[in-house]
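Please read the structure below before turning to the comments.
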Amino acid sequence: MEDNNYDFLLKNVASPLDYSEGYYLVYVEVPKPSKTISNIISKHAKITSELEFGYLCEVHMQGIPEIARSLSLKNHAIYQMVRLVRLSKSSDNKQV
């Protein structure tokens, strides 16, 4: 097996302690998108796309666990949440 060096990638991974104004593109996968689920996510993030099994959202780092908590409190399953890429370092993008 090849020995991969992930140091470069790990230096560019944001911390859960990131309280900056930066936004991230996050994929939230649920069993079936619905108005109820999108309303819950929209309280913490801007939904940019509804997909077959989830949503692409623009959200601050600290909003990611809030989405998970809010969906769980209403008994909605979450299959995965994937932070894809950092979008901005400032508040150029506006949350809904």
ask   = What FRET efficiency, computed as 1/(1 + (r/R0)^6) with R0 = 25 Å and r the Cβ-Cβ distance, is obtained for LEU84 and LYS35, rounded to the nearest 0.05?
value = 0.55
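So what is the accessible area of the range 27-78 per residue, in Å², with the probe set to 1.4 Å?
Numbers: 2780 Å² over 52 residues.
The answer is 53 Å² per residue.
Using 0.36 nm per residue, how much length does the chain from TYR27 to LYS43 gain when fully extended, once their Cα-Cα distance is taken away? Can you show the working numbers first?
Values: separation 16, 0.36 × 16 = 5.76 nm, distance 1.57 nm.
Full extension of this stretch gives 4.2 nm more.
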query = Which percent of the accessible heavy-atom area of the range 21-87 goes to carbon and sulfur, probe 1.4 angstrom?
reply = 51
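Rounded to a whole number, what is D in µm²/s for the range 21-87 from Stokes-Einstein with the Kirkwood radius over alpha-carbon pairs (10 °C, 1.306 mPa s)? Numbers along the way, then the final one.
Values: Rh = 11.5 Å.
Translational diffusion coefficient: 138 µm²/s.
The values are calculated or read from the model by the stated rules, or taken from the named source; none is laboratory data. Since the model is a prediction, treat every value here as computed from it, not as a measurement. Glycine gets a Cβ as well: all are built from the backbone with ideal geometry, and neighbour counts include every protein chain shown. Areas reflect the complete protein model, heavy atoms only, side chains present, ligands, DNA and RNA absent. Shrake-Rupley method; radii C 1.70, N 1.55, O 1.52, S 1.80 Å.
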